[in-house]
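Have a look at the structure below, then the notes.
The values are calculated or read from the model by the stated rules, or taken from the named source; none is laboratory data. From a predicted model like this one, the values you see are computed outputs, not experimental measurements. When we count neighbours, we look across all protein chains shown, and the Cβ atoms used for this are built from the backbone with ideal geometry, even at glycine. The protein model used for the area step is the full one, side chains on, heavy atoms only, and it has no ligands, DNA or RNA in it. Shrake-Rupley method; radii C 1.70, N 1.55, O 1.52, S 1.80 Å.
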Number of protein chains: 2
Amino acid sequence: MSDYRKITLSDVATRVGVSAITVSRALRSPEKVSVVVREKIFAAVEDLGYVPDAAARALASSRTNVIGVLIPSVTNNVFSDVLKGIYTGIENTPFDLQLGNTRYSVLSEEQLLRVFLSQRSAGLVVTGTDQSGAARALLASAPCPVVQIMETDNEPVDMVVGFSHYQAGQAATEHLLAQGYKKPAFIGARMDPRTQRRFRAFADTAKKAGAFDPARVATTPAPSTVTLGGQLFGDLLATAPDTDAVFCNNDDIALGVMFEAQRRRISIPESLGICGFNDLEMMAVAEPPITSVRTPRFEMGQRAIAMLIEAIGGTPPARPLVDIGFQLLRRRSTGC
Amino acid sequence: MSDYRKITLSDVATRVGVSAITVSRALRSPEKVSVVVREKIFAAVEDLGYVPDAAARALASSRTNVIGVLIPSVTNNVFSDVLKGIYTGIENTPFDLQLGNTRYSVLSEEQLLRVFLSQRSAGLVVTGTDQSGAARALLASAPCPVVQIMETDNEPVDMVVGFSHYQAGQAATEHLLAQGYKKPAFIGARMDPRTQRRFRAFADTAKKAGAFDPARVATTPAPSTVTLGGQLFGDLLATAPDTDAVFCNNDDIALGVMFEAQRRRISIPESLGICGFNDLEMMAVAEPPITSVRTPRFEMGQRAIAMLIEAIGGTPPARPLVDIGFQLLRRRSTGC
DNA sequence: TTGACAAATGATAGCGCTAACATTACTACT
DNA sequence: AGTAGTAATGTTAGCGCTATCATTTGTCAA
């Protein structure tokens, strides 16, 4: 690779005996080049191992094949599942991904957005609908399609794929109440906007049933872990020992609650009902299996990219708002 | 953004009253520009909201700020922890990340490598040391620094940050034997090269103690999940019901084994010892807590990027081979 | 056969930046 | 004051590709 000269368009052109622009056309819009020439060009490309220079193309055409993706965390299970869907969605397309980690900061998000826009991204995927004012303005006037993912509770800028976190929280809470639990609690970590909507749903629904007590709410801004779930459950029992059910922020928290309950010999589901969120794969096989709300994370990523690519191609989807739904999975941890 | 003309270097230059190249220098190597001019330039950049065009820079300098990262999976916990380290490592550096998902295929890996090399990546991070012959050749003659991560068992191409999976497997197996287990089993999914090295260590170590029985090995090429752990454990008990300990491929499998054992009322650690691998956060708080081998995944990513950036800067680290070690965490699941 | 028109190909310029060399401004010393 | 030497800035050209417009070739009807 050291004394290796880069193979360029004109190398291919010379080899075939045509001009560089014809090679460019053969690669970009093959239908504009005669079949004979086209095939000779493809053969030469293969032969020489020509790989187009993305930077040169971007500069010349002032377009890129880069889709910018803004997510708040690279480690969180939720987003890695969404990412997997996104990666699957761009497979066998000419698009590349550029990931931006906002770390749950609207300011980082705004800054990354500026970078992506200045680099003429072909499209953008952003998480949630709670951007800063400036960021929303940037998105609204972005020269490329934008998909917001994760939630449908707010008004989207362009397209959106998600589900209603409020409705999901409501469904979970109603389930706990329907199972006969009288004193439900909420445990939440990393109270991001979506978690907050779920909490609001919990509070509203419990209130309506006369079962809401602010003492039965344990939250923290720290990122959620199984350990933290156990600790918050401990805190909760200290202030509200009569708690008989917990709606957890997510499944990590729920697992922590389960382990801590087992440690304290609190019987699940008799003395304690547990409901998680996201339905991680292990929830179904835990002992006992844990009730959770399944969120179609992989599909969300896939759909988002599919819509984006369609829109980049010039045919924006008829329905720019996709509610991908959720599903309450009733399991033994809530007496099912 | 629609009828918005891109702000370029010469816009800034005109504003300040210098030539474009001076602005370029002020941004690239500030020490070559007088303080007075430099500050005026910075002010103008801020003022106009100038953002350099990465494509133009790449084309002109035939260098990029893109570090290519090749990992076999975007969802696996192990790699998402490594990724987190990598992301942390490039924070506040001028570098961007481009992720390539090889999906455990050496062919995909080779292809992605070609793309990254043709796009003049500033540096490369690749997973493992088991590339295809062609890929190894590409890496060996790559015009940029390369860091291999995850394992130190093989000869690296350039730099490497990892640990010995063989030694880790040995330590785990010796621990099971030392705890008095006589009939240890191995359960593994997604038998990638690193898992295979751990298995080889298990087999060698058990053999040496006269405790190896091929009937007590359950593996599958499918990706590991908690559910799969439970199933493989069931299979294992069907063929080797006298198994008294399990060394698991990873913690997901170990959790599955634990839940399945609980379901079958097999007491842990009395009738069954369980040892996992990776030490996911929840292992310490599971009930019972599960013995595992802690692997410094975050640190591995961080160190890898730090070394790479040093090398890109022209000062390759003195020791290009970093064994970052591992740690056996003895917990109740093996009677500790 | 010729003209009209479409299809196929080519020539030219320029995207925004930096490498390489050229020039000018400044400093220090004889 | 003059000169060498360095620091600061400028000029020119070109990275590899594509947009735009120009030209050539091919096709078909009259």
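When only residues in the range A:21-37 that are open to solvent by less than 40 Å² (accessible area, probe 1.4 Å) and of a type outside the set (V, I, T) count, which is nearest to DNA strand D (Cβ to nearest atom)?
First, pick out the residues of the range A:21-37 that are open to solvent by less than 40 Å² (accessible area, probe 1.4 Å): A:22-24, A:26, A:29, A:33, A:37.
Filter again for of a type outside the set (V, I, T), leaving A:24, A:26, A:29.
On the way: A:S24: 3, A:A26: 9, A:S29: 8 Å.
Per the stated criteria, the residue is A:S24.
Looking only at the range B:137-160, which residues are buried (at least 18 other Cβ atoms within 10 Å of the Cβ) and either assigned by TED's automatic domain parsing to the domain that holds B:S267 or in a helix (DSSP H, G or I) (or both)?
B:L138, B:L139
Scanning the range A:86-118 for residues that are more than 11 Å from chain B (Cβ to nearest Cβ) and among the acidic types (D, E), which turns out farthest from B:F116 (Cα to Cα)?
Taking the candidates together, the pick is A:E110.
State all residues of the range A:286-336 that are of a type in the set (S, T, N, Q) and over 20 Å from the mean Cα position of the chain (by Cα); if no residue qualifies, say none.
Taking the range A:286-336 first, the residues of a type in the set (S, T, N, Q) are A:291-292, A:295, A:302, A:315, A:327, A:333-334.
Listed by number, the residues that qualify are A:T291, A:T315, A:S333, A:T334.
Here is a yes/no grid of residues against (1) within 16 Å of DNA strand C (Cβ to nearest atom); (2) closer than 30 Å to B:A13 by Cβ; (3) more than 9 Å from chain A (Cβ to nearest Cβ); (4) open to solvent by 50 Å² or more (accessible area, probe 1.4 Å):
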| site | (1), (2), (3), (4) |
| --- | --- |
| B:A44 | yes, yes, yes, no |
| B:D47 | yes, yes, yes, yes |
| B:A55 | yes, yes, no, no |
| B:N77 | no, no, no, no |
| B:K84 | no, no, no, yes |
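What is the one condition in (1) surrounded by fewer than 10 Cβ atoms within 10 Å (Cβ to Cβ); (2) within 14 Å of another protein chain (Cβ to nearest Cβ); (3) within 11 Å of DNA strand D (Cβ to nearest atom) that B:L9 does not satisfy?
Among (1) surrounded by fewer than 10 Cβ atoms within 10 Å (Cβ to Cβ); (2) within 14 Å of another protein chain (Cβ to nearest Cβ); (3) within 11 Å of DNA strand D (Cβ to nearest atom), the lone unmet condition for B:L9 is (1).
Criterion first (open to solvent by less than 30 Å² (accessible area, probe 1.4 Å), within 13 Å of chain A (Cβ to nearest Cβ) and without any contact (Cβ under 8 Å) to a residue 40 or more places away in the chain) does B:G229 satisfy it?
Working: open to solvent by less than 30 Å² (accessible area, probe 1.4 Å): yes; within 13 Å of chain A (Cβ to nearest Cβ): yes; without any contact (Cβ under 8 Å) to a residue 40 or more places away in the chain: no.
When the stated conditions are applied, B:G229 does not pass them.
Tell me which residues, restricted to the range A:161-174, are in contact with a strand residue (DSSP E or B) (Cβ under 8 Å, 6 or more places away or on another chain), of a type outside the set (S, T, N, Q) and surrounded by fewer than 23 Cβ atoms within 10 Å (Cβ to Cβ). First the steps, then the outcome.
Applying the first criterion (in contact with a strand residue (DSSP E or B) (Cβ under 8 Å, 6 or more places away or on another chain)) to the range A:161-174 yields A:161-165, A:168-169, A:171-173.
Narrowing further to those that are of a type outside the set (S, T, N, Q): A:161-163, A:165, A:168-169, A:171-172.
Of everything in the range A:161-174, those that are in contact with a strand residue (DSSP E or B) (Cβ under 8 Å, 6 or more places away or on another chain), of a type outside the set (S, T, N, Q) and surrounded by fewer than 23 Cβ atoms within 10 Å (Cβ to Cβ) turn out to be A:F163, A:A171.
Of all residues being more than 18 Å from B:S121 (Cα to Cα) and at the interface with another protein chain (Cβ under 9 Å from one of its Cβ atoms) in the range A:61-75, which is nearest to DNA strand C (Cβ to nearest atom)? Just the residue, please.
A:S62
For the range B:38-65, give me the residue count where each residue is within 7 Å of DNA strand D (Cβ to nearest atom) and at positive phi.
1
Listed here are the residues, each with its yes/no results for (1) in contact with a helix residue (DSSP H, G or I) (Cβ under 7 Å, 6 or more places away or on another chain); (2) free of Cβ contacts under 8 Å to residues at least 12 places away in the same chain; (3) open to solvent by 50 Å² or more (accessible area, probe 1.4 Å).
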site	(1), (2), (3)
A:E39	no, yes, yes
A:Y50	yes, no, no
A:N92	no, yes, yes
A:G100	yes, no, no
A:S121	no, no, no
A:G128	yes, no, no
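Looking at the range A:95-109, can you tell me whether even one residue there is farther than 30 Å from B:R297 by Cβ and away from DNA strand C (no atom under 16 Å from the Cβ)? Please lay out each step first, then the result.
Our first condition is that a residue be farther than 30 Å from B:R297 by Cβ; within the range A:95-109, this holds for none.
Scanning the range A:95-109 turns up no residue that is farther than 30 Å from B:R297 by Cβ and away from DNA strand C (no atom under 16 Å from the Cβ).
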